[in-house]
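Input: a single structure, listed below in structure tokens.
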Amino acid sequence: MTTSPLRVAIIGAGPSAFYAAEQLLHQDGLDVRVDMFDRLPTPYGLVRHGVAPDHQKIKSVSRAFAQVAADPRFRFFGFVEYGKDITLADLKTFYHQVLFATGAQSDKRMGIPGEGLAGSHPATAFVAWYNGHPDFCDYRFDLSQERAVIVGVGNVAIDVARILCLSPAELRATDMADYAIEALSNSKVREVYLLGRRGPAQAAFTNPEIKELTELSDCDVIVAPSEVELDALSQEAVAEANDRALDRKVELLQSFATRELGGRLRRLFLRFLVSPVALHDDGTGHVSGMRLVRNRLVRSETGTITAEATGEYEELNTGLVFRSVGYRGAPVPGVPFQDRWGVILNAHGRVLDPETNSPIPGEYVTGWIKRGPSGVIGTNKPDSAETVQWMVEDAHAGRTFQPDEAAGDPEQRLIRLRQPRCISFGDWCRLDNLELERGREQSRPRVKFTSVDEILQALGK
Amino acid sequence: MKMESVLASKGPAVVTIGPTALLREAVAVLVKHRIGALVVVDSGRQPLGIISERDIIRSASAKPDFLYLAVEEVMTRDLVCASPGDDVEAVLRTMTMHRFRHVPITENGTLIGIVSIGDLVKAQLDAYRGDIHTLQTQLMES
């Protein structure tokens, strides 16, 4: 065992970071101190900047995280950027272990011509924008377009589709950034397309998310009967799965095909068995439409039903495209990266040396930068438990960094020297209260401060 | 959930063995790495087959001097491989149905990983635990 207490630095302040902190602090017989860093002034990662603003219940998990932060052995340092304000070498001077929980900050690309045209965006950028992420609050999306097309049928895709279809009253009931509420209230988008590569039985969205679409006040949902009819392979797979939720999903989607239209302002088209193969340029570098290929389903050797292009094409005009084919992790300075999966090179949470494939003492990883973007918020709990188990075992065996015991407290000797305006958890609580107070005045869950300057100003920093 | 999210936190090492290695060598490698199967590859790392504890037990019951057989005499040749984009659930069902416990992962014919049924069960279990935890949190906070 190292000289106690065990000092741990966590880089990132999203769900996986908080679950790991909670589990470290709850280890029996482990004298531990946890310092958590985030490059943003605010904690909670995608709970604040990813979860849809009309899904407040999901965001309530942050209350559990605040309880973790209340532990006197825990400190939060917001607005301190790893790689810029503090480096791995700095951390090795003060801490025994570093846990990277930096998430998946960039997006996957479709890999088709025209993807980079103006008007073609990552859905993740739109999500960050409407949620008031400081890096995205100056983004602009051309909502004067009549038709928007979203590529993908996962949770992010369906969030984006729903947000584009909300009425001004529905928008005002959320904690969406003010600028986004204004832009979306004046949106000219009337038709929203969601494009799924495979069929309805393989779509990643969940039943509550589909049901929500039927409850939108300003939007009709339209599905072509031919695209929700199950082919023989899907019928077989659905029967084999014997899963009531899946049966219900297929039923729900099929019911859209026969549903009466309400003559509402907007129309949401759910399309299946299509993939974009190219985006078209209108001649000025802006997207004007896309070419779609129709797919059929085939079964792989291991039983996965995948899409295969038929060679039959169609055109879809649009000036606004959101690709929602997944988040992807970005490399972290000084730490080995596995480009194939977009994660830090690791085995079950221990960072590996790329030369030897053996664990590097003191370096760990959790969450999406460990396993890639998968699961719901709670999936990070078992994921962090696995990493923390290794951290504890390695600490007991003395496999840690060897910090300079005379270096003193990192807050005074490192962090405040590099970033005098760093944000404590107490600062965040003040900001949180200010946001909630502004929300109460407008009968909204919260009114966010968005840019870094605005946040620092509100806190008098 | 896709196979790639299981592979991402397993590290890049895939333990392999050549077709002419002896079974006693294969046993030593299995014990050293505490695993249950080895992908048998040619010099270009193209998978030729898989040799598992099962294959070794089977040959042990048939031949007393089984430890001196070559891996290629004992290995399972008709390999079922998965892709990184395959659904974990579908692969698990296939493994259960056809009763095999290890599946090599290939991309464009090249071996990039191997997962065991244990890896997949753990991944599914963690996914369910995560879903339950999320639902419980929402119920408690509402």
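In table form, for the structure just shown:
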read-out: Unmet criterion (only one of (1) within 25 Å of residue B:123 (Cβ to Cβ); (2) within 13 Å of chain A (Cβ to nearest Cβ)) for residue B:78; value: (1)
read-out: Evaluation of residue A:384 against (1) within 14 Å of chain B (Cβ to nearest Cβ); (2) out of contact with any helix residue (DSSP H, G or I) (no Cβ under 8 Å at 6 or more places or on another chain); (3) not basic (Lys, Arg) (one fails), failing number; value: (2)
read-out: Total residues in the range A:1-39, condition touching a Gly at 6+ places or on another chain (Cβ under 9 Å) and either surrounded by fewer than 22 Cβ atoms within 10 Å (Cβ to Cβ) or at positive phi (or both); value: 4
read-out: Matching option when the condition is without any contact (Cβ under 8 Å) to a residue 60 or more places away in the chain, surrounded by fewer than 14 Cβ atoms within 10 Å (Cβ to Cβ) and either under 23 Å from residue B:22 (Cα atoms) or within 14 Å of chain A (Cβ to nearest Cβ) (or both), among B:57, B:51; value: B:57
read-out: Any hit, the range A:405-412, residues being free of Cβ contacts under 8 Å to residues at least 24 places away in the same chain and either touching a Phe, Trp or Tyr at 6+ places or on another chain (Cβ under 7 Å) or not in a loop (DSSP other than H, G, I, E, B) (or both); value: yes
read-out: The listed residue being under 27 Å from residue A:174 (Cβ atoms), free of Cβ contacts under 8 Å to residues at least 24 places away in the same chain and of a type outside the set (A, V, I, L, M), out of A:432, A:427; value: A:432
read-out: Helices (runs of 4 or more DSSP H) wholly inside the range A:13-73 containing at least 2 residues that are of a type in the set (S, T, N, Q) and within 14 Å of chain B (Cβ to nearest Cβ); value: A:15-25, A:61-69
read-out: Helices (runs of 4 or more DSSP H) wholly inside the range A:118-183 that include at least 1 residues being touching a residue at least 60 places away in the same chain (Cβ under 8 Å), in contact with a Ser or Thr (Cβ under 7 Å, 6 or more places away or on another chain) and farther than 18 Å from residue A:212 by Cα; value: A:123-130
read-out: Neighbours by Cβ (under 7 Å, 6+ apart or cross-chain): first from the range B:122-142, at the interface with another protein chain (Cβ under 7 Å from one of its Cβ atoms) and among the aliphatic types (A, V, I, L, M); second outside any helix (DSSP H, G or I) and surrounded by 15 or more Cβ atoms within 10 Å (Cβ to Cβ); value: B:127/A:375; B:127/B:1
read-out: So residue A:221, is it among the β-branched types (Val, Ile, Thr) and either more than 14 Å from chain B (Cβ to nearest Cβ) or under 19 Å from residue A:166 (Cβ atoms) (or both); value: yes
read-out: Number of positions in the range A:74-83 that are surrounded by fewer than 21 Cβ atoms within 10 Å (Cβ to Cβ) and either within 14 Å of another protein chain (Cβ to nearest Cβ) or part of a loop (DSSP other than H, G, I, E, B) (or both); value: 2
read-out: Among (1) more than 14 Å from every other protein chain (Cβ to nearest Cβ); (2) out of contact with any Gly (no Cβ under 9 Å at 6 or more places or on another chain) - the single one residue A:231 does not satisfy; value: (2)
read-out: Test: residue A:86 is among the β-branched types (Val, Ile, Thr) and crowded, with 20+ Cβ neighbours inside 10 Å; value: yes
read-out: The range B:95-121 - residue that is surrounded by 20 or more Cβ atoms within 10 Å (Cβ to Cβ) and at the interface with chain A (Cβ under 9 Å from one of its Cβ atoms) and, of those, nearest to residue B:50 (Cα to Cα); value: B:103
read-out: Unmet requirement for residue A:351, which otherwise passes all of (1) more than 9 Å from chain B (Cβ to nearest Cβ); (2) within 28 Å of the chain's Cα centre (by Cα); (3) of a type in the set (Val, Ile, Thr); (4) over 11 Å from residue B:11 (Cα atoms); value: (4)
read-out: Test result for residue A:53, in contact with a Gly (Cβ under 6 Å, 6 or more places away or on another chain), of a type outside the set (Ser, Thr, Tyr) and over 18 Å from residue A:368 (Cα atoms); value: no
read-out: Residue in the range B:81-94 that is farthest from residue B:124 (Cα to Cα), counting only those that are facing chain A (nearest Cβ under 7 Å) and of a type in the set (Asp, Glu); value: B:86
read-out: Options A:417, A:431, A:436, A:456: the member that is surrounded by fewer than 22 Cβ atoms within 10 Å (Cβ to Cβ) and modelled with pLDDT under 95; value: A:417
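Results for (1) within 11 Å of chain B (Cβ to nearest Cβ); (2) of a type in the set (A, V, I, L, M, F, W, C); (3) crowded, with 20+ Cβ neighbours inside 10 Å, shown as yes or no for each residue.
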position	(1), (2), (3)
A:315	no, no, no
A:326	yes, no, yes
A:331	no, no, no
A:347	yes, yes, no
A:357	yes, no, no
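Listed here are the residues, each with its yes/no results for (1) within 30 Å of residue B:128 (Cβ to Cβ); (2) surrounded by fewer than 18 Cβ atoms within 10 Å (Cβ to Cβ); (3) free of Cβ contacts under 8 Å to residues at least 40 places away in the same chain; (4) within 14 Å of chain A (Cβ to nearest Cβ).
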{"position": "B:1", "(1), (2), (3), (4)": "yes, no, no, yes"}
{"position": "B:6", "(1), (2), (3), (4)": "yes, no, no, yes"}
{"position": "B:13", "(1), (2), (3), (4)": "yes, yes, yes, yes"}
{"position": "B:17", "(1), (2), (3), (4)": "no, no, no, no"}
{"position": "B:24", "(1), (2), (3), (4)": "no, yes, no, no"}
{"position": "B:28", "(1), (2), (3), (4)": "no, yes, yes, no"}
{"position": "B:31", "(1), (2), (3), (4)": "no, yes, yes, no"}
{"position": "B:35", "(1), (2), (3), (4)": "yes, yes, no, yes"}
{"position": "B:46", "(1), (2), (3), (4)": "no, yes, no, no"}
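The values are calculated or read from the model by the stated rules, or taken from the named source; none is laboratory data. Since we're looking at a predicted model, the values are computed, not measured. With ideal geometry, Cβ positions are generated from the backbone for all residues, glycine too; neighbour counts draw on all protein chains shown.
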